[in-house]
1. In nm, give the distance between the simple-model label positions of residue A:39 and residue A:500, each being 7 Å from the Cα along the Cα-to-Cβ direction.
2. If you average the C-alpha positions of region A:120-155 and of region A:45-100 separately, how far apart do those two centres end up, in angstrom?
3. Output the pairs from A:261/A:325; A:23/A:453; A:218/A:398 with a Cα-Cα distance over 29 Å in this structure; if there are none, say none.
4. Extent of region A:384-507 along each principal axis, from alpha carbon coordinates, in Å, largest to smallest?
5. FRET efficiency for residue A:265 and residue A:438, Cβ-Cβ distance as r, R0 = 22 Å, nearest 0.05?
6. Using alpha carbons only, what's the Rg to Rh ratio of region A:182-268 with Rh from Kirkwood?
7. Which aspartates and glutamates does residue A:471 reach when only Cα atoms under 20 Å apart count, and residues fewer than 8 places away in its own chain are ignored?
8. Once the Cα gyration tensor of region A:12-104 is diagonalised, what are the square roots of 5 times its eigenvalues, in whole Å and ordered largest first, as equivalent ellipsoid semi-axes?
Amino acid sequence: MYGCHPVSPKNLIPMNSTLALLKDRLQTALVAAFGPELADADPVLVPASNPKFGDYQANGAMGLAKRLGLSPRAIASQLLNHLDVADLCDPPEVAGPGFINLRLKTAYLEAQLKAIQSDPRLGVAPVPNPKRVIVDYPSPNIAKEMHVGHLRPCVIGDALARILEFLGHNVLRLSHIGDWGTPFGMLIAYLREAYPDALVSGKLDLGDLATFYRAAKKRFDEDATFQEAARLAVVQLQAGDPETIQAWKIVCDLSNRTNRKIFDLMGLSPQIQERGESFYNPFLPDVIAELDRLGLLVEDQGAKCVFLEGFTNKEGKPLPLIVQKSDGGYNYATTDLAAIRYRVTEDRVQRVIYPVGAEQTNHFTQIFQVGKRAGWITDETEFVHTPLGNILGEDGKKLKSRSGEAARLVDLLEEAIARARADLETRLTDENRTETEDFIANVGQVVGIGAIKYADLSQNRTSSYIFSYDKMLALQGNTAPYMLYAYVRVQGISRKGGVDFEALGADSPILLQDESEFALAKSLLQFDEVLSAVEADLLPNRLCEYLFDLSKTFNQFYDRCPILQADEPQRTSRLILADLTARTIRLGLSLLGIQVLERM
RNA sequence: GCUCCAGUAGCUCAGCCGGAUAGAGCAAUUGCCUUCUAAGCAAUCGGUCGCAGGUUCGAGUCCUGCCUGGGGCGCCA
């Protein structure tokens, strides 16, 4: 047993958050210099705006000038008298109106890198107080195929889930699929009509989902009798009629399998659990009853509503959130409220993240308001809607397929793969290389899927972006292929030099001499700071930006510093830097849900 | 009408609690492969941060108004 999970030295390495460490020192110095009432003062430590100012700068002195009745420069220099950072930094300096510039010591950088070298987490410590987190995965209506609209929620939600999980949180991935409601009446009615055998054999060809839906829709639009049958099916479904439930299950299963296939193709976490609308169905009457008991429920025009604070309709009157329709049916607000309640009371969740389109901002504000007023959402639980911009076509409008409908997700993915593959094949011809079909297919898939996901993630999630295969697959710029190439370059060194990175001496020193080595070292040590930032503001594009910056810095290093031809001990030192870069890229991309390649 | 979001280089976008001279990529122009994959590197060019006020030591960032674009606004999700 001993050998299976050795107590690795990583557990002994202190958290590599240089930023946090320095901030702590600055705060201590503030109190030492100006007294305990300064304990709450923020030294405003941020990365330096310009390399000539060092690595970090503390801007706090300016803000404290009024409070302390001293000039910012005087505050800064007094603070410096009490600041002990000799183990981390060169002697700090006061600059400009009162900035404190901090430059990390070479020996400190070298030691930190050395510590990270043997750490699979690359210096990223798990959070001290893990939370129970739910990430809401997109809710494709089970009755329809997934389309462009599902791309961002899937990709961004999956990345956030991976990042939070890596940081040590207990993440529950829930797909809130639309597996209940009126569209099912139509599908069940059509199933009965067109595939009566299916109810007996339980068989239906998977590929038929789209056509199945279209055919059902066509019947529904054309035939009043069929509409009546569909409505009847809904009633039977809600009444729990066994035969109808069975038909419903067949349709759900059909859709789930199709969606799973797309999830797999996209490389989404396999841990996604389906917890659709039908799951919350039994709780809906309780939600209404509880709202009523709390005195929040008002009946208006036959519908049961909660009137919202701060929302008005076109006439300027308070806007209701309808939780039970006048016909007695429930709507998505009811389901979402039931989900909030369940997540708090049963899942005991502390943070719920909804990566959903920005157009639903009002909806979330409204249900969160009701959730708070009902006492389900408290200060202990954070329900957060992370609004997403739309994916637009080249014309700046919502991306459509040629036929004018929302583009099918699977088509986008396959097109990206096909283009990535074609790019590779062109290159193979140009370079007179031959590769196996397996190699070509794999590179095509990894690059294609990686490119499409990275393009999505690298954009600030709040804003819409224009979908362009040419840009996402471009070999230069902030794209997945650029990052993959930096990774491949390192693996190329390993192959060429017959170097086993894992066997690189634990006692070989890291030596930073060239400017590009310093830049790379500093970039490598910022990984944990970036992940903390993403944890806080849920913007994966920050991680993308970091990885792009790291890759650029690496390419500069690669260009300026020969590695295999260098003399020892520089050779090993540079090999370690290269390896750390590759591992950071691999880990970083994996947290974004993107795979790497050893060759491409 | 109310409300939310956006407006930064020719194009696509970053810009963290307000900090020093606003940053990338693409495009354009120009150098660098007998040397670890040139899918790279270096350099040049490019800005009234939508407009007008305000807050203060300091504003792309905060406040007010306006302009432009997009979304949402009672039984769809």
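1. Here the modelled spin labels are 5.4 nm apart.
2. The two parts, judged by their Cα centres, are 40 Å apart.
3. Working: A:261/A:325 36 Å; A:23/A:453 35 Å; A:218/A:398 25 Å.
In this structure, A:261/A:325; A:23/A:453 lie more than 29 Å apart at Cα.
4. Answer, in whole Å and largest first: 55, 40, 21 Å.
5. Values: r = 17 Å, r/R0 = 0.78.
Efficiency, rounded to the nearest 0.05: 0.80.
6. Details: Rg = 13.3 Å, Rh = 13.3 Å.
Rg divided by Rh gives 1.00.
7. A:394, A:395, A:411, A:414, A:415, A:423, A:425, A:456, A:545, A:549
8. Numbers: eigenvalues 83, 51, 23 Å².
Value: 20, 16, 11 Å, ordered largest first.
The values are calculated or read from the model by the stated rules, or taken from the named source; none is laboratory data. Computed from a predicted model, the values in this text were never measured in an experiment. We place every Cβ from the backbone using ideal geometry, glycine too, and count neighbours over all the protein chains shown. Note: accessible area is taken over every heavy atom of the protein model, side chains too, but ligands, DNA and RNA are not part of it. Shrake-Rupley method; radii C 1.70, N 1.55, O 1.52, S 1.80 Å.
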